[in-house]
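Q: First, the structure itself, so that you have it in front of you.
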There are 2 protein chains.
Amino acid sequence: MSGGELALRLFAAFRHLVDRVHVDLAEHGHPRVRPTHGFALQAVGPTGATAGELATRLGVTKQAAGKTVDALEALGYVERAGDPQDARRKIVALTATGSEVLGLSARFFDRAHAQWVATVGDEQAGAFEQVLRTITDEVTPRLDAASWLGDDGRRQDT
Amino acid sequence: MSGGELALRLFAAFRHLVDRVHVDLAEHGHPRVRPTHGFALQAVGPTGATAGELATRLGVTKQAAGKTVDALEALGYVERAGDPQDARRKIVALTATGSEVLGLSARFFDRAHAQWVATVGDEQAGAFEQVLRTITDEVTPRLDAASWLGDDGRRQDT
DNA sequence: CGTCGACAGACAACCTGGTTGACCGATCCT
DNA sequence: AGGATCGGTCAACCAGGTTGTCTGTCGACG
């Protein structure tokens, strides 16, 4: 396998998985969720987070994070609330539907995972994941997928 | 490994590989190339192609393909020439620097590939790639990575 | 031979997600 | 108290993609 093919297939596998999950999500009453949103919800997490924290977790500027929160809020998946401790901060937290999506998403990911484990065999799958783990262990997980493809990598945010 | 983690790691591996190649490319006199451009150059290939062919190969609209060609042309990697057989068609072809980039890119991908084969071991790597191949074999290779992340999937192009 | 439909490419307008830059109020620290 | 700093938002802009429209060229058929 050439290096280029390897890269392509890695991406195809990733995309296949994510697509599958989003089809399932759409069929269960959440047709508007986009992969970006999923990442963001994940980053918010059950404990909530501020826009700034989100920004660093997602590897984007705080403005971009703010916009994502706007979108999620419009979809009804998160809510913004003021922090009584510090009037500057606004903590965004999952709504009921928000955590429902998060839970469903996790379930569907696991289901897709289980399916391909079944097709390739238990042992192979284990070995595969082991290799994948060692490859990606030192890599910092950055989720700013969209911008990364097109942009120069310069990013500063004040 | 949870399904979500699997997806994340697949993406991280892909991204890691691509990033590495583009760092190498930048160090060898091609700092402006973006992943998108790489895909497009690949799609043009040594034989050249029309904008429409590019569009279907990349899985985007012909207008988008046209814009990409504009960018590549501005960078000096491709040239547009009229087709003497059919005055409607304009075939885009790689310039000398264009095919240089393509060649370098292939070499760097292979180098990165070889490096991780070395780190995980020959046998593991082989098994890994075998699994990856079976997973992604039925998947149609679509390279419209950027739009896929944010858009709804509705796409029609006349 | 002429005409009418299909095809290839380009232009314009718009959307999304991201970025930079500037700004405002709240907090902290001296 | 007062200046620096932090958290968040507004505004302008850019890249890449999409839809819709239009022009020029082929080709096939009457």
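Quick note: the coordinates plus some simple rules give every number you see, no bench work behind them. None of the values given here were measured: they were computed from a predicted structure. Reconstructed Cβ throughout: ideal geometry from the backbone, glycine too, with neighbour counts over all protein chains shown.
Q: Compute the orientation-averaged projected area for chain B from the convex hull of its Cα atoms and round it to one decimal in nm².
A: Convex hull of Cα atoms, orientation-averaged projection: 11.5 nm².
Q: Between the label point of B:GLY121 and that of the same position in each other copy, find the distances and list them shortest first in nm, with every label point placed 7 Å from Cα along the Cα-to-C-beta direction.
A: Here the equivalent label points are 1.7 nm apart from this one.
Q: In nm to one decimal, list the spacings between the A:ARG80 label point and its equivalents in the other copies, with label points set 7 Å along Cα to Cβ, shortest first.
A: So the distances to the same position in the other copies read 4.3 nm.
Q: Under a point spin-label approximation (7 Å from Cα along Cα-to-Cβ), what is the A:ALA96-A:SER2 distance to one decimal in nm?
A: 5.5
Q: Run the label-point distances for A:ARG107 please: 7 Å along Cα to Cβ, every other copy, nanometres, shortest first.
A: Nearest first, the other copies' label points are 5.3 nm away.
Q: Give the lysines whose C-alpha is closer than 29 Å to that of A:LYS90, dropping any in the same chain fewer than 8 places away, or say none.
A: Those lysines meeting the cut-off are A:LYS62, A:LYS67.
Q: If you don't mind, there's one more thing I want to ask. Select from B:PRO35, B:ALA87, B:GLY4 the residue farthest towards the positive end of the dipole of chain B; place +1 on Cβ of Lys and Arg, -1 on Cβ of Asp and Glu, and compute about the Cα centre.
A: The residue sitting most towards the positive pole is B:ALA87.
Q: Rounded to the nearest 500, what is the 222 nm mean residue ellipticity of chain B from helices alone, with -39500 (n - 2.57) per DSSP H run of 4+ residues and division by all residues?
A: Computed ellipticity for chain B at 222 nm equals -21500 deg cm²/dmol.
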